[in-house]
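Q: Quick one: structure below, then a few questions.
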Amino acid sequence: MAERKLLVLFGSQTGTAQDTAERIGREAKRRHFQCRVEALDSYDVANLINELLVVFVCATTGQGDPPDNMKMFWRFLFRKNLPPGSLCQLDYAVLGLGDSSYPKFNFVAKKLHKRVLQLGGNPLLPVALGDDQHDLGPDAVVDPWLLALWDKILTLYPLTPGLEIISPDVRLPPKYTLHYLAEDSPHPDGGLLQPTAPRAVPSELHPFAARVVSNQRVTAESHFQDVRLIEFDVMGSGITFSAGDVVMIQPQNCPQDVQQFCQLLRLDPDRHFVLKPTEPGTSLPALLPQPCTIRHLVTHYLDISCVPRRSFFELLSYFSTNELEREKLQEFSSAQGQEELYSYCNRPRRTTLEALWDFPHTTCAIPPEYLLDLIPRIRPRAFSIASSLLAHPDRIQILMAVVRYKTRLSKPRRGLCSTWLASLNPEQGDVRVPLWVKKGGMKFPADPDTPVIMIGPGTGVAPFRAAIQERVAQGRRGNCLFFGCRQKSKDFYCQAEWEELVTKGFLTLFTAFSRDQEEKVYVQHRIQESRRLVWELLSSRNAHVYLAG
């Protein structure tokens with residue numbers, strides 16, 4: 001009997017691929033496989049030659065790019081010196097998640113499938129191309145593909161005689177068990193963000209606790225949108241960056257939501273606990289201190305404001321003691337119930353916390369150790385850096401619109417990170433935000449004589465503010481900016497700064513204020529009006545063009 005081991009590797013940007021990979025992991029456990037689910041970049045890719053059975057789940061981001069957590073794996077896999085037969089013992093399948101409104105639909109999955117085939121792998125099935133644009137989302141492709149996959153896998157690795165597939169009515173054990181500490185046991189005050197002496201350059205696993213220096217509204221009070229220019233102090237962090245780079249910020253839930261969540265689930269926020277993996281070999285969540293309080297877990301880790309996925313309702317249905325609630329939860333987690341789920345959750349952007357309110361009997365019966373299986377972790381948010389170290393040493397500034405909009409739900413929807421950042425007031429003491437910096441996709445020309453044409457309407461101007469500050473500090477003059485907003489008097493960000501640079505001859509500025517006259521004027525109209533200049537810069541001066549929205 002071949003050893004029944006399955007490895008599921010995922011590359012995920014927004015969490016959908018990870019969610020699908022974990023679903024495959026659960027289905028594998030029901031079929032008595034020893035199964036590991038790992039992000040592609042946390043897996044030691046040199047081991048791939050020893051694996052017998054692997055399912056890859058990968059998303060495609062942007063213009064056909066691999067997600068951040070599979071970039072190293074991707075580079076390794078496409079090395080020229082890998083021998084053609086190196087994966088000849090591997091049975092594999094690739095499940096792709098993409099969006100057919102992009103030209104490079106599921107590019108990463110298709111390319112991965114082809115490359116593993118080149119290296120000698122044996123595909124169990126054709127690559128699955130999940131599509132966000134489908135009425136039922138990627139599940140329309142994923143559900144039937146998985147049925148076919150299990151048929152194939154169980155033919156190669158039949159169940160041990162006497163074992164049955166664990167019925168879907170049976171609840172699987174949680175990933176971790178949660179052990180409360182005695183009320184009076186001494187515990188170090190773990191997990192509060194201490195400004196630590198940095199061990200290495202800050203990263204997702206070791207963010208830097210940056211002090212908020214200022215938090216200034218840059219739109220008129222009468223303007224419908226609240227936009228902030230926020231400055232962080234990163235002195236002593238070892239952080240360096242250049243124009244076009246991105247700052248990653250780890251947000252947290254607001255105290256009211258945390259309190260409500262704890263009340264609904266009847267949890268004491270001040271209880272301390274430790275986590276133990278249910279299966280040997282499972283690593284503990286990297287960003288949680290041990291021991292940890294319930295309050296810390298809910299504030300900094302559980303994404304209770306995200307729109308819940310189908311897997312949330314599936315797991316929730318197992319805890320339900322109320323027949324009506326259980327039936328509804330089962331409908332939401334079935335293939336047939338996906339349209340209904342879409343209009344309950346996705347269309348109105350209902351949050352996990354609000355969904356729990358709607359299932360009160362079930363919610364108060366959730367065992368705390370299942371919280372980490374039920375609710376995904378809070379993901380970091382990316383912001384274009386809007387300043388240059390040459391102009392503002394030891395500082396990072398961002399230009400951020402506070403996300404707030406209406407759906408059919410009575411309460412306005414609010415962005416988790418922008419609402420939290422906007423609420424921080426540095427005048428009320430030492431306010432800290434966990435952050436780190438990532439290379440951006442925009443590179444500005446090294447040659448000082450190359451002009452740049454930057455088109456940045458609204459907060460899209462942020463990376464260009466960094467670039468202009470950097471270039472002006474280096475004495476470069478060929479800076480041309482097209483900026484657009486609604487009204488000159490309400491949302492013309494950094495107006496004084498631009499006007500000063502125009503006066504000093506460092507900047508050519510074109511503005512489009514769409515609502516300041518009868519007919520709407522946008523940046524594209526200004527580009528058309530300035531077509532001679534633009535063509536001159538492109539054709540005879542080799543200008544680079546940048547666009548950010």
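Q: Carbon and sulfur atoms: what percent of the 1.4 Å accessible area of the chain do they account for?
A: 52 percent
Q: Amide H neighbours of Tyr176 under 5 Å, at least 5 residues apart or on other chains, H built in the peptide plane: list them.
A: Excluding prolines and chain starts, which carry no amide H, the hits are Thr278.
Q: In µm²/s, what is D for the chain at 4 °C and 1.567 mPa s, where D = kT/(6 pi eta Rh) by Stokes-Einstein and Rh is the Kirkwood radius from Cα pairs?
A: 49 µm²/s
Q: Can you tell me the order of 515-525, 157-167, 367-377, 221-231 when each peptide is scored by its average per-residue count of other Cβ atoms within 10 angstrom, highest first?
A: 367-377, 221-231, 515-525, 157-167
Q: Looking at the range 255-374, I'd like the Rg to Rh ratio, where Rg is from alpha-carbon atoms and Rh is Kirkwood's inverse mean 1/r.
A: 0.98
Q: Now, a different point. Give me the accessible area of Trp498, 1.4 Å probe, in Å² rounded to the nearest 10.
A: 0 Å²
Q: Once the whole set of protein chains is in place, how much accessible area is left on Leu533, using a 1.4 Å probe, in Å² to the nearest 10?
A: It works out to around 70 Å².
Q: Of the DSSP beta bridges with both residues in the chain, give the percent that are antiparallel, rounding to the nearest 5.
A: 50 percent
Q: Let me ask something additional. Give a residue-ordered list of calculated ³J(HN,Hα) values for the range 171-183 (Karplus: 6.51 cos²θ - 1.76 cosθ + 1.60, θ = phi - 60°; whole Hz; x for Gly, Pro).
A: Along the range 171-183, the couplings run 7, 6, x, x, 5, 10, 9, 10, 10, 6, 8, 4, 3 Hz.
Q: Add -39500 (n - 2.57) for each DSSP H run of 4 or more in the chain, then divide by its residues: what number comes out at 222 nm, to the nearest 500 deg cm²/dmol?
A: -8000 deg cm²/dmol
Q: Sort out for me the Cα centre separation of the range 59-95 from the range 205-281, rounded to whole Å.
A: That distance is 33 Å.
Q: On the full set of protein chains, 1.4 Å probe, figure out the accessible area of Leu178 and give it in Å² to the nearest 10.
A: For Leu178, solvent-accessible area is about 20 Å².
Q: Treat the range 452-547 as a sphere of radius equal to its Kirkwood radius over Cα pairs and apply Stokes-Einstein at 20 °C in a medium of 1.002 mPa s; give the translational diffusion coefficient in µm²/s, rounded to a whole number.
A: Rounded, D is 157 µm²/s.
Q: Ranking request for peptides 100-109, 409-418: highest mean number of other beta-carbon atoms within 10 Å first, then the rest in descending order.
A: Output ranking for 100-109, 409-418: 100-109, 409-418.
Q: Using amide H atoms built 1.01 Å from N in the peptide plane, name the residues 5+ places from Ala512, or on other chains, whose amide H lies under 5 Å from its own.
A: Correct list: Phe483, Gly484, Cys485.
The values are calculated or read from the model by the stated rules, or taken from the named source; none is laboratory data. This is a predicted model, so every value here is computed, not measured. Here the Cβ is made from the backbone with ideal geometry for all residues, glycine too, and neighbour counts use every protein chain on show. Side chains are part of the model used for accessible areas, which takes the heavy atoms of the whole protein and leaves out ligands, DNA and RNA. Shrake-Rupley method; radii C 1.70, N 1.55, O 1.52, S 1.80 Å.
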